[in-house]
Every structure is written in C-alpha cells, then in structure tokens.
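Here, each number is a calculation from the coordinates, and none is a lab measurement. Just so it is clear, the model here is predicted, and its values are computed rather than measured. Positions of Cβ are generated from backbone atoms using ideal geometry, with glycine treated the same way; all protein chains shown enter the neighbour counts.
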Amino acid sequence: MNKKAIFVFVFSLFIVPYYYAQNDSHNNVWTRLSFTVPLTNKIKTEAEFQKRFQNDVTLSNSDNPLQESLMNSIRLWGHLKVNSKFNVSLSPFAYFQHSSIITNTNDKLKNKTYEVRYTIAGDYKQKIINNLFVFNRLGVEYRDLKNNGLDNIIRLRNKLGLKYDINKKWNVSIFDEYFANLNSTDHEHLFDHNRVGILGSFFASKSIKLDVGYIHISRLPKNKFEQLHDDNFLIMLYYTFNQKKK
C-alpha cells in the first residue's frame, strides 16, 4: 500500500472540511446504500437508497450535522458497459422527499416537497499514466417537482475528475461537478449548484465497496438570489450480488 498517498487522502479529507466549516456554512451528512444485480457481463441493474441529514443553524449547538432530515430518496438504475472506457446509465424512476435547507426558524415549519426524477448519463474514463485516470460523467435529468410552486426542471450535470488507484483495494478521487438548469427562464438561475469533492473507496471484496468522502457545495436555490454553501460528509455502501469472494 502506498502510505504517502493514503496520508494525503486522510489529510485532505479531514483538514479541508475543517477549514470550510469555519465559514459558517451548513454541515450535512449524506448516506447511501446501493444494491447491484448483474444481468450479463455488460448489463446490470441497481437500486439506490439515500438518506441525508443537516445541522440546525438556528440552535446554539448547531455543530451536529445529524440534527434534522434533509432528503430521502429511492432510485432505480440500468447500466450498460459499452467498452472498457465508456458506460451508459439510465434511471427510469427516482423518488425524492426534500426538507427545506434550514437558514432560519421559519424553514423548519415548511412542508416537505416531493420530486419524481428521470435521468440518462454517460461515463468516460481514460488512463493517463500508471495508476492515474481522468474521468467524466455527463448527465441530463428531468425533475418533476411536486407541491412546491416551482416549474419542473431539465438539469444538466457534468462531473470531471481524477482517480488514483493506490492498490487493488484502495483508490482516491477528486472532482468538480457543475449543475445547470437548461429550461430556466431566469438567466440568473441558469446556475444550479457546483460540487467540489474528494472521495476514498475501499473494496472489502468483489461484492462490497465502501466510499467515504467530502463535498463542498455552492448552490443557488430557485427562490433566492444569494448562494448558500454546504459542507457535506459522505458515507456510501455498495453491494453487488453474484460476486465470488476475493
């Protein structure tokens, strides 16, 4: 195992979030549980469950990022491996339940909003040198928003990053993902939000993968004209059926 690479990852994962957290941004925790079933060597299906939490900035003890609910979702995926470099993914259905981002006491009284989402995306990965890869994920999603008084959204998202394979069990990646509202009639809200993150992956076996990471988000809500900033700590567990143990 490359100890220097692991040290850099651990340092970035804990020191960088601490730096941003000093700027009074919101602190969230994102969790994900994903189950994948391969149908052939090129096609697989996936069921994804997410739960996100947020801190309550209106309280004096607002450091706990697990104080309030932020989002719940379930999403279905189909994945096609075109070749060693390119994959296509389709989500024919996803259901999201959103709580308002807490910026004041009134936000805690707002009703939850709901969304049905449909997504298509393509992933490209290219080796640069040795164990270093560049990757890009381009996706388009239709957000059918419920009971929030906003128009439905066609959103473009593009994620560009670098991934380094430390060994067969560990890798680390850094990325930037930009979101744009393609059908926005208000040019000031063409920008949706931007994510800058670092992610470490551990392959416990061929069936089990654990991701732990951090994302800093700059977002512009549809009903606001001032950006919000979030610090998000991620823990995601993936299980793939029909895999032999290493």
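Here is how the numbers come out for the structure above:
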read-out	value
Selected from L182, Q227, L39, residue furthest toward positive end of dipole (the chain; charges at beta carbon)	L39
Sequence ranges 40-52, 90-102, ranked by mean other-Cβ count within 10 angstrom, highest first	90-102, 40-52
Residues of segment 105-126 with amide N under 14 Å of the 7 Å Cα→Cβ point at E226	105
Estimated 222 nm signal from helices in the chain, with DSSP H stretches of n ≥ 4 weighted -39500 (n - 2.57), rounded to 500	-2500 deg cm²/dmol
Environment charge at Q50 (Cβ cut-off 11 Å; Lys +1, Arg +1, Asp -1, Glu -1)	+3
Ordering of 65-75, 179-189 by burial proxy (mean other Cβ atoms within 10 Å per residue, highest first)	65-75, 179-189
Distance in nm between pseudo-label sites at K81 and S62 (7 Å out along the Cβ direction from Cα)	4.7
0 to 90° range, to nearest 10: angle between helix 3-21 axis and the chain longest Cα axis	0
Centroid-to-centroid separation of segment 82-122 and segment 202-246 [C-alpha atoms, Å]	13
Space enclosed by the convex hull of the alpha-carbon atoms of segment 104-149, per residue, Å³	137
Proximal charge balance of N158 [Cβ under 15 Å; K/R count +1, D/E count -1]	+1
Charge tally in the Cβ shell below 15 Å around T31, where Lys, Arg are +1 and Asp, Glu are -1, T31 excluded	+2
Antiparallel content of DSSP bridges confined to the chain, in %, to 5	90
Charged-residue dipole, Cβ positions (Lys, Arg, Asp, Glu), the chain about Cα centre, Debye nearest 20	1580
